[in-house]
Amino acid sequence: MKILVTGVKGQLGHDVVYELTKRRHEAIGVDIEEMDITDPAAVEKIITDIQPDAVIHCAAWTAVDAAEDHVDTVRLVNATGTENIACICKALDIKMMYISTDYVFSGDGTNFWEPDDLNRQPLNVYGQTKYEGEIAIENLLEKYFIVRIAWVFGVNGKNFIKTMLSLGKNHDQITVVNDQIGSPTYTYDLARLLVDMIETDKYGRYHATNEGLCSWYEFACEIFRQAAAMGHSEYDAQHLSVLPVSSDNYPSKAKRPSNSRMSKEKLTQNGFERLPSWQDALSRYLKEIEF
Ligand SMILES: NC(=O)c1ccc[n+]([C@@H]2O[C@H](COP(=O)([O-])OP(=O)(O)OC[C@H]3O[C@@H](n4cnc5c(N)ncnc54)[C@H](OP(=O)(O)O)[C@@H]3O)[C@@H](O)[C@H]2O)c1
């Protein structure tokens with residue numbers, strides 16, 4: 001297949017192009033320089049010229065706190081940009097995969113969110129605009145995948161793991177929130193699943209994260225435990241203590257959902273292989289990066 005990937009300079013887009021190429025698909029990665037998704041004429045020209053069989057749309061405004069101060073720009077990228085791509089996919093009658101987020105949900109309660117739960121009530125600007133992107137796709141297309149992911153980490157970009165490793169190196173004590181529960185997603189593992197999916201016509205909404213649940217605090221503790229076990233003694237319990245705090249003690253601009261438990265049963269029901277545990281993903285990731 002010939003597949004256009006947006007956001008190739010980001011964490012996920014980078015790994016999706018790598019996976020497509022590894023599996024002998026023709027992958028064309030673009031980022032804002034080649035195709036600014038907020039420019040409908042550019043989107044039309046690039047996609048029409050390339051004539052792909054599918055678009056995997058990874059580009060987005062992903063700075064969650066900064067989004068609160070830039071509502072119009074964030075909406076232009078995440079909602080209108082997605083709609084621009086969907087319009088061309090419709091005109092060319094090609095598949096579109098849109099990468100979305102757990103932040104489309106309110107985070108109330110402790111139940112697992114189902115992919116087809118239509119009760120989407122985002123708490124922040126980023127989540128609201130990603131939700132509007134979902135609506136644009138659902139209204140325009142039939143051949144679509146909406147894949148919600150969460151707590152993303154990849155080699156190519158900034159993420160929670162890199163932030164923790166950097167903080168842990170320079171502090172003897174750090175505090176991490178312990179009342180938001182979810183599942184991390186390793187882009188290398190996710191890319192394999194996304195390519196499996198785009199090769200099929202099993203369209204619809206899905207959730208796709210690594211297996212297992214944790215809080216950000218538990219995630220941080222495991223990062224430091226594994227890093228110390230790899231010989232990085234600056235992260236061991238003698239050198240670094242990690243304290244759990246509630247979100248109330250850790251004010252941020254954007255409100256975050258406390259419950260990001262995402263049901264992935266639909267993957268199994270449709271014959272897709274799920275991702276390994278997040279601890280396993282973390283251990284492979286730590287071997288890939290320098291710290
Ligand atoms: N990161 C997470 O924790 C997380 C969680 C849930 C869902 N997601 C979703 O997963 C997808 C991939 O996330 P990621 O972490 O790989 O994102 P990322 O690393 O921030 O990459 C996004 C890419 O999109 C580009 N982009 C921004 N505005 C654009 C525009 N107008 N036209 C074209 N490209 C543009 C960015 O360029 P610049 O860097 O120059 O802006 C960047 O290269 C996104 O759809 C995101 O919403 C992410």
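The values are calculated or read from the model by the stated rules, or taken from the named source; none is laboratory data. Remember, predicted model here, so these are calculated numbers, not experimental data. As a convention, Cβ positions derive from the backbone with ideal geometry for all residues, glycine included, and neighbour counts pool all protein chains shown.
Some points to look at:
- Verdict on ASP196 being within 30 Å of ILE3 (Cβ to Cβ) and outside any strand (DSSP E or B): yes
A quick yes/no check of all residues on (1) assigned to a helix (DSSP H, G or I); (2) more than 15 Å from the ligand (Cβ to nearest atom); (3) surrounded by fewer than 15 Cβ atoms within 10 Å (Cβ to Cβ):
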{"position": "PHE145", "(1), (2), (3)": "no, no, no"}
{"position": "ARG148", "(1), (2), (3)": "no, no, no"}
{"position": "ASN156", "(1), (2), (3)": "no, no, no"}
{"position": "MET164", "(1), (2), (3)": "yes, no, no"}
{"position": "LYS169", "(1), (2), (3)": "yes, yes, yes"}
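- Among residues of region 26-43 that are more than 8 Å from the ligand (Cβ to nearest atom), those with a Cβ under 9 angstrom from a residue that is hydroxyl-bearing (Ser, Thr, Tyr) and not in a loop (DSSP other than H, G, I, E, B), sequence gap 6+ or separate chain, pair up as ALA27/TYR18; ALA27/THR21; GLY29/THR6; PRO40/THR80.
- Inter-residue pairs, beta-carbon under 9 Å, first closer than 17 Å to PHE153 by Cβ and within 8 Å of the ligand (Cβ to nearest atom) and in region 1-20, second in a loop (DSSP other than H, G, I, E, B) and acidic (Asp, Glu), 6+ apart: GLY7/ASP31; LYS9/ASP31; LYS9/GLU33; GLY10/ASP31; GLY13/ASP31
- Residue match in region 244-254 (condition: in a helix (DSSP H, G or I), among the acidic types (Asp, Glu) and modelled with pLDDT of 95 or more): no
- Test: residue in region 210-231 that is loosely packed, with under 15 Cβ neighbours inside 10 Å and in a helix (DSSP H, G or I): yes
- Region 112-135, subset away from the ligand (no atom under 12 Å from the Cβ) and part of a helix (DSSP H, G or I), residue surrounded by the fewest Cβ atoms within 10 Å (Cβ to Cβ): ILE135
- Cβ pairs under 9 Å, 6+ apart, first in region 62-74 and without any contact (Cβ under 8 Å) to a residue 40 or more places away in the chain and within 13 Å of THR38 (Cβ to Cβ), second within 11 Å of the ligand (Cβ to nearest atom) and among the polar types (S, T, N, Q): THR73/THR38
- Verdict on ASN178 being more than 24 Å from GLY29 (Cβ to Cβ), modelled with pLDDT of 95 or more and surrounded by 15 or more Cβ atoms within 10 Å (Cβ to Cβ): yes
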